[in-house]
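Below: one structure, written as structure tokens.
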Number of protein chains: 2
Amino acid sequence: MARPRTPLLDRERIAAAALRLLAEQGEFSVPQVARALGVQTASLYHHVDGRAGVVELVRERVCAAIDDAALELEPWDRALERWARSYRAAFAAYPRAIPLLMTTPVRAPKVLAQYERAVALLRAAGFPEERVMPLLTGLENLILGSALDLAAPEAMWEPSPRTPLLAAALTAGGPHRADAAFDLALTALLAHAATLRVE
Amino acid sequence: MARPRTPLLDRERIAAAALRLLAEQGEFSVPQVARALGVQTASLYHHVDGRAGVVELVRERVCAAIDDAALELEPWDRALERWARSYRAAFAAYPRAIPLLMTTPVRAPKVLAQYERAVALLRAAGFPEERVMPLLTGLENLILGSALDLAAPEAMWEPSPRTPLLAAALTAGGPHRADAAFDLALTALLAHAATLRVE
């Protein structure tokens with residue numbers, strides 16, 4: 001028999017299986033990934049460096065959808081805004097992976113390279129070095145909180161006769177509430193960031 | 001035999017058991033909560049309105065640590081800042097509960113009452129009604145993203161010789177990186193919010 005053209009195990013398939021488990025359970029174990037792929041756990045360890053290695057495969061896969069070429073745009077705030085919007089969309093596709101990826105150290109080379117580009121952008125735009133990571137991280141916290149919010153129902157509150165102001169504010173806020181909230185906060189962050197630059 | 005002074009099942013114990021499961025697994029089922037409390041699932045349903053009822057018990061318990069009296073302070077931005085900081089601390093204690101609570105509609109009366117107070121604060125401070133929920137939600141997204149970040153390691157990136165700018169920015173950023181990021185973004189949001197008021 002001819003060899004199958006697609007290897008049973010490759011990093012792409014391992015990442016996809018782990019992401020499916022994360023989407024279902026908010027968690028995964030390496031034996032679960034192996035079972036989902038119909039292989040022994042030991043075989044999996046020939047392809048990845050333990051559970052941490054699988055987490056980094058998942059991170060690379062989710063982050064591949066981020067438009068990091070946007071980080072080459074000018075001016076810096078247009079670059080950052082475009083990057084932030086695609087970052088939110090990429091993670092909104094996998095909301096249940098967010099807590100794991102946010103609390104595991106970033107080792108994936110492609111993702112580290114994206115941070116390197118973002119830092120280069122902000123340094124070139126005149127941000128003092130000590131402000132760069134607080135700004136990037138504050139922006140990421142907003143992006144990832146907003147990605148979770150995008151996975152929430154449009155009707156996120158069930159106001160009662162005892163909460164008339166909330167009910168009125170919800171009506172006045174209009175549709176697409178998650179987008180409106182992200183737009184407002186992103187604008188705020190970029191406007192304030194502009195005041196931190198030293199030219 | 002005398003009756004036990006603490007009832008085997010009460011809402012507080014149900015919430016605590018569900019929170020423990022969430023902290024361990026990022027998820028819970030009602031049968032798991034029942035098992036943890038040593039009772040039948042059917043008995044649990046005498047105390048709560050299904051799984052959604054347990055989620056709201058969890059929400060009330062987590063949100064009980066938020067300083068909502070801060071919403072009575074003046075001026076409005078001091079009130080919002082104090083509230084936001086205690087909100088982050090309350091959820092940082094249960095990071096794995098964040099995705100569930102962020103994506104399930106809010107029904108808990110005490111939590112809805114807290115939103116009512118926040119909306120009242122912003123209306124009294126002169127915010128147009130249509131801006132109130134986008135502002136509150138944008139702030140919450142930042143708070144909850146930052147609560148997840150507070151659960152992350154201090155060394156969240158593993159820079160390599162290929163990422164010298166990232167390495168330098170991390171060093172320059174100094175310690176307490178999660179607090180620095182939250183402070184910067186919270187300041188930004190409050191500063192921008194001030195421009196949205198109509199007096």
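The values are calculated or read from the model by the stated rules, or taken from the named source; none is laboratory data. Only a predicted model underlies this, so the values are computations on that prediction, with no experimental measurement involved. Backbone-built Cβ (ideal geometry, glycine too); neighbour counts: all protein chains shown.
Assorted remarks:
- The set of residues in region B:121-163 that are facing chain A (nearest Cβ under 7 Å), under 21 Å from the mean Cα position of the chain (by Cα) and without any contact (Cβ under 8 Å) to a residue 40 or more places away in the chain comprises B:Val132, B:Met133, B:Pro134, B:Thr137, B:Asn141, B:Gly145, B:Asp149, B:Ala152, B:Pro153.
- As a summary of the residue check, A:Val62 satisfies the conditions (1) within 11 Å of another protein chain (Cβ to nearest Cβ); (2) touching a residue at least 24 places away in the same chain (Cβ under 8 Å) except for the one numbered (1).
- So A:Pro105, is it facing chain B (nearest Cβ under 7 Å) and either among the charged types (D, E, K, R) or under 22 Å from the mean Cα position of the chain (by Cα) (or both): yes
- Matching option when the condition is under 22 Å from B:Arg96 (Cα atoms) and not small (Gly, Ala, Ser), among B:Leu186, B:Leu190, B:Leu150, B:Leu170: B:Leu150
- Of everything listed in (1) over 27 Å from B:Ala181 (Cβ atoms); (2) free of Cβ contacts under 8 Å to residues at least 40 places away in the same chain; (3) assigned by TED's automatic domain parsing to the domain that holds B:Leu148, the single unmet condition for B:Lys110 is (2).
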